[in-house]
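Read through the structure below, which is laid out as structure tokens, and then see the notes.
Just so it is clear, none of the values below were taken in a lab; they were calculated from the coordinates. What you see is a predicted model, and the numbers here were worked out from it, not measured in a lab. Cβ sites come from the backbone with ideal geometry, for glycine too, and all protein chains shown count toward neighbours.
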Amino acid sequence: MRAARAYLQAVLDSATGVSIIATDASGTISLFNSGAERLLGFSAEEMIGHQTPAMFHLADEIQTRAAELSETAGQPIQGFEVFVHNARGGDPETRQWTYRHRDGGLRQVNLTVSAMFDENGQITGFLGIASDISELQQATRALQKSESRFRGLVANLPGVVYRCANDADWSMRYVSDEIANLSGYPASDFIDNQVRSFFSIVHPDDLPITYRADEAIERQEIFELTYRLRHADGHNVWVREKGRGEYDSHGKLLWIDGFIWDISERQAMEDELRLSQRRFLNAFNTAPQGMALVGPDGRWLEANDELCRMLGYSREQLQACTNQQLTHPDDVDADRQSVADLLAGRVNTYQIEKRYLDRLGRTLWVLLSVSLVRDGDGLPVHFVLQIQDFSDRVAAERAVREREHYLSTLLDNVVDAIVTIDEQGRIETFNHAAEAIFGCRQSEVAGRNVSMLMSEPYRDAHDGYIQRYLRTGEAWVVGQVRELEGLRQNGERFAMELAVSQISHQGQRRFIAVIRDIAERKRTEQMKNEFVSTVSHELRTPLTAIAGSLGLINGGALGAVPESMRQMLSIAHSNSQRLSALINDLLDMDKLVAGKMHFDLQARALQPLLEQALLHNQPYAEQHQVALRLQVEGDAQVRVDAQRLAQVMANLLSNAAKFSPTGASVEVRLQHCDEVLRVSVSDNGPGIPEAFKTRIFSKFSQADSGDTRQQGGTGLGLAICKEIIERMGGHIGFDSPPGQGATFWFELPITGSAS
């Protein structure tokens, strides 16, 4: 027995790598081998008969295990029973526990606990065999960490990492999860070809491409392929594969490692680039302007048809010379400097006007646009030239400049002032005659309102014309000749004649004002008017007596008039009445010109005044067998002198009646036009001769035709109408299309609504 025990003790002590601890049934340690001493740092003498295994276990692990066993058993499990509860059934229990070394260090162990029975089947004690797995766990954790890093690295790669076996099917031994994004199938489908092989998802048309890998593998070279995969949803994915074989020391192929990545976007970009290149070539060859590619040395590389036509060379002839050779000698230096700036990177493109010499030596003016194409390293590859021939434009501009010089010379030598203004009334040009008349230079008036050249009240009225024009587009003074008072720079006022016409310049409206200094003419007219006024006053009294006497004689106041004298007396009476009307008109005009005619301006509605005017003039119209009609389309109050307005209407209605054919009607229309009331009188007569239109409102003006002379008149009626309407703040004019009668109209500013 002693020999057997000594043998067993020697065996247990020799197991230094394993901790063997035995306890009695109550848990007291009865065996503590050298492996246990080495693992825990306690001696057998300190432990046997004195301690239980709980001494070197962690309390929190014991409590956690006790709670688990108590819940399973349905009764409290505590103390030593925690270690041996499951082993009491006869089956050993193996679990991981943490041992605390004597020095405080912790060891992870795999502990197997089994019960020891006597010959009667009674438990005599328990045996615990523990092996230290701390280093194994550390190695395992290191391996897991390494694998985690590997998987993380692979997962972050923009493609698929694979390893395939050297068998007939090139079975995948490993393939990363990125294959799911490329193919739509999980990686597990391809491992050992469990569900499908990798070749099954290669586009059938591209399978021959993949066979090229076999040739590279046989040569032990790296292979690189581009082909398509068929995705699970049906679309194609362009991929690039790069791989190589792994060989043993004898050169035998072991497996193939590789990487596959998605190049669909790059492929699309390449397709787009090819399409863009085709588009460029199409645009290059069919462009309506000259296009060329020129090398850094100046040689023509390519030229389109239009450039060849423009310069008169064939492509082969152009490619045999340089850009500098075709450039006009005077433009070579400027062109060379622009090219140097482009090559140096100081500019990205440049555009210049230059001259080329065509095949016949003729000069072509062109607009040259140049850009530089560089390679990936930033080195110049070629220039792209766009060449637009504008020789015709240069010739046209030269002709325009010559024409402008001619017109400028002409304008500077005319005796009338010519001023151009914009839509806002600002002065743009001012010829020499204008400078002489107004005493100021072009630079002093440019950009200022043209009203500065007028005295009051014409200045304010002109600003009103401009404002109305901007609002309504209606120009009051265009196409007419007006007389107004000008203002020289030294403050002197003078009479001037103004004619305004409208033109279009560069898509915008402009006005040309022709101004004539009529101060001398006015002085002459004043002398004439004074003479006429004097004569009129001197003639009026005796003429009134003569007309009255003749009227009494013709009326039989002195008895019966002999038949032989009746006709002559009637003619004398009629002519004396005409002469009296002329003198009255002359006196009215004299008062108007002198500003002595009194105007009683009151706010009145126009419709009643017009109805009264038609009533008073109806007898005269009936003499000419003409009807007067009034059409009212709106009414409002205006400031007028009712008596003077009646004088204007009488003149317009009598003229319309005189020139209307028998049985016709004269239409009088009252219209509301924006901020004015317009009264128009229209007839169906022969209209106004074109040559007479410019002086129709002048004094003593009548058309020269026999028809108008037969109608009689003093030639002052329309001039008086014009003066009266303008004194009431209005404006008068006429429209007379050829052969369509005449319409005389006047406009008066609205002051309020008609009552």
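Calculate, in nm to one decimal, what E135 and N285 gain on full extension: separation in residues at 0.36 nm each, minus their alpha carbon distance.
Taking E135 through N285 to full extension adds about 46.3 nm, to one decimal.
Once you place label points 7 Å from the Cα toward the Cβ at A180 and S408, how far apart are they in nm?
8.1 nm
Can you sort M1, M116, M496, M565 from fewest to most other Cβ atoms within 10 Å of each residue's own Cβ?
M1, M565, M116, M496
Please list 3J(HN,Hα) in residue order for segment 666-680, calculated via the Karplus relation 6.51 cos²θ - 1.76 cosθ + 1.60 where θ = phi - 60°; whole Hz, with x for glycine and proline.
The phi angles translate into 9, 9, 10, 10, 10, 10, 9, 10, 6, 9, 9, 9, 10, 10, 10 Hz.
May I ask you to compute the full-extension gain from R336 to E428, defined as 0.36 nm times their residue separation minus their alpha-carbon distance, rounded to one decimal in nm?
Roughly 29.0 nm would be gained on extension.
Please find the FRET efficiency linking D305 to M269, where r is the Cβ-Cβ separation and R0 is fixed at 45 Å, and quote it to the nearest 0.05.
That gives a FRET efficiency of 0.90.
Two decimals, Cα atoms only, Kirkwood Rh: what is Rg/Rh over segment 605-689?
My calculation puts Rg/Rh at 0.97.
How would I503, I427, I179 line up from fewest to most surrounding beta-carbon atoms within 10 angstrom?
With the fewest neighbours first, I503, I427, I179 line up as I503, I427, I179.
Highest mean first, what order results for 85-92, 107-114 on Cβ atoms within 10 Å?
Top of the packing list down: 107-114, 85-92.
Around A417, what is the net charge, scoring Lys/Arg as +1 and Asp/Glu as -1 over all other residues with Cβ under 9 Å from its Cβ?
-2
Mean shadow of segment 2-138, computed from the convex hull of its alpha carbons, in nm²?
Over every viewing direction, the Cα hull of segment 2-138 projects on average to 9.1 nm².
Residues with amide H under 5 Å of F32's amide H, sequence separation 5 or more or different chain, H placed in the peptide plane at 1.01 Å from N; which?
Result for F32 returns A22.
Per 0.36 nm of contour for each residue apart, how much would the distance between R100 and H382 grow if the chain were fully extended, relative to their Cα-Cα spacing?
Once the chain is fully extended between R100 and H382, it gains 93.5 nm.
For a protection proxy built on the mean count of beta-carbon atoms within 10 angstrom, sort 664-677, 158-171 highest first, please.
664-677, 158-171
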